[in-house]
């Protein structure tokens, strides 16, 4: 719903206090002025720089007397009252002045009186910071970011030369990258792309969007060159995610991919897969470290999480990587007291998983499923739960070949016994061999497999995953046969994808 329609409805319903959250004040003011002109309503605007300005349709002469004093501006609103029409006074960035008791009291009286004389007080602000004394007096409206059609109009207005114009598929990619930008940001990104490349390029648009992460400090953009070729094995998981992200879903939002939860033994490549997926699919990978979002003030953590998820929505299409998710939400079901922070954090995350419509693909990793609340793993929260077990022989040979090349080691030398090794332990052995200039069999004496140090924990994890998770390597439902034999069997339904 456009801002014009929202404001028109609430003015006709005589909402005397309207708070508009907008990052584009000039565009919002243009829409409001156009609405007032069409409806014959009076309009005045105020900001701390220019004071109170009377717009077209108003005959009041009190604007100059109000000046740049915020309290005088509120008191001057009553002079705009008229019996035959509504009057709107838009106060820009007025949230900066609501910490004054005098101004809060004046606003309270004005909004209360506005119900009777049809004077509408409108606060235009990029944030919603309403003091508790005024919360019940205001309705909050959101100024929507530009639609895809508006972004296309901006793009075609900038790319006017023949060599700058794109075909339909290229333009679609640029518009996907520009989703979530303001009108000014989109104009700047498109103009910079023309200067750099003599045409519109989605890479320039994404670079500008990445600057949002630095300003927020809540997310980190992962820069890496690894793709699936640098990740041995996990064939079914690779095919599942790649195919999910390559499906056209714009015409049917119900097909929007959600993401996967990666459950598995530490060191089996969960984090490496999440980082490689972005490179493989041409999407930026955002890293969300929930530990950095924890705040000391009541409500600060939940606010940070909401803001981080909003930024991820703006950055779409993208990959959102959350490592060791269980550590952030385990308090919601463990019974331990953390003042309800984990429960509220979980609620925020669940609401986003269910309701978000942006093209954000979540990759969450977990080493201990018992610490995850069951509502997080139910169907339709994510596309699936994948279990990453200790790599099999074929997968392990690929991992050895990869790291032998990476560390420039002799590929024909003897390898150590690696029955219970993860990919991380193979890498550690190769790195130590190169670092110490010793054979692999000697370097292996410094490697203690996690399957030995945490044998009971790993067997419990395998037992839980058996029959409940998808097999990340072979496809089908994962089945763990026996802890004694440390082997597994699989009830195969065929590979997930070819």
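The values are calculated or read from the model by the stated rules, or taken from the named source; none is laboratory data. Keep in mind the model is a prediction, meaning the values are calculated, not measured. Here the Cβ is made from the backbone with ideal geometry for all residues, glycine too, and neighbour counts use every protein chain on show.
Below are the figures for this structure:
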item	result
Within region 223-263, considering residues that are on the phi > 0 side of the Ramachandran plot and at pLDDT 85 or above, the one farthest from the chain's Cα centre (by Cα)	234
Residue in region 66-78 that is assigned to a helix (DSSP H, G or I), under 26 Å from residue 21 (Cβ atoms) and out of contact with any strand residue (DSSP E or B) (no Cβ under 9 Å at 6 or more places or on another chain) present	yes
Members of region 5-26 that are surrounded by 14 or more Cβ atoms within 10 Å (Cβ to Cβ) and part of a helix (DSSP H, G or I)	6, 7, 8, 10, 11, 25
Test result for residue 174, farther than 23 Å from residue 124 by Cα, touching a helix residue (DSSP H, G or I) at 6+ places or on another chain (Cβ under 7 Å) and modelled with pLDDT of 85 or more	yes
Any hit, region 101-123, residues being at pLDDT below 95, within 29 Å of the chain's Cα centre (by Cα) and assigned to a helix (DSSP H, G or I)	no
Verdict on residue 44 being over 35 Å from the mean Cα position of the chain (by Cα), buried (at least 20 other Cβ atoms within 10 Å of the Cβ), free of Cβ contacts under 8 Å to residues at least 60 places away in the same chain and not assigned by TED's automatic domain parsing to the domain that holds residue 180	yes
Residue within region 299-309 that is closer than 19 Å to residue 342 by Cα and in a loop (DSSP other than H, G, I, E, B) present	yes
Any hit, region 340-362, residues being surrounded by 14 or more Cβ atoms within 10 Å (Cβ to Cβ), out of contact with any strand residue (DSSP E or B) (no Cβ under 6 Å at 6 or more places or on another chain), over 30 Å from residue 181 (Cα atoms) and in contact (Cβ under 8 Å) with a residue 24 or more places away in the chain	yes
Count of region 442-458 residues which are touching a residue at least 12 places away in the same chain (Cβ under 8 Å) and either closer than 20 Å to residue 395 by Cα or surrounded by fewer than 13 Cβ atoms within 10 Å (Cβ to Cβ) (or both)	8
Every pair of residues 6+ apart whose Cβ atoms lie under 6 Å, when the first sits in region 400-419 and is in contact (Cβ under 8 Å) with a residue 40 or more places away in the chain while the second is assigned to a loop (DSSP other than H, G, I, E, B) and surrounded by 10 or more Cβ atoms within 10 Å (Cβ to Cβ)	402/232
Residue count, region 193-206 (criterion: part of a helix (DSSP H, G or I) and more than 16 Å from the chain's Cα centre (by Cα))	9
Leading residue by the ranking (surrounded by the fewest Cβ atoms within 10 Å (Cβ to Cβ)) among those in region 150-182 that are under 20 Å from residue 24 (Cα atoms) and over 20 Å from the mean Cα position of the chain (by Cα)	157
Region 336-365, subset over 26 Å from residue 285 (Cβ atoms) and either not in a helix (DSSP H, G or I) or not assigned by TED's automatic domain parsing to the domain that holds residue 269 (or both), residue modelled with the highest pLDDT	340
Candidates 416, 391, filtered to the one that is assigned to a loop (DSSP other than H, G, I, E, B), modelled with pLDDT of 90 or more and out of contact with any strand residue (DSSP E or B) (no Cβ under 9 Å at 6 or more places or on another chain)	416
Residue match in region 143-156 (condition: farther than 27 Å from residue 7 by Cβ, assigned to a helix (DSSP H, G or I) and either outside the structural domain of residue 45 (by TED's automatic domain parsing) or at pLDDT below 85 (or both))	yes
Sole residue being closer than 15 Å to residue 268 by Cα, assigned to a helix (DSSP H, G or I) and modelled with pLDDT of 90 or more, chosen from 433, 428	428
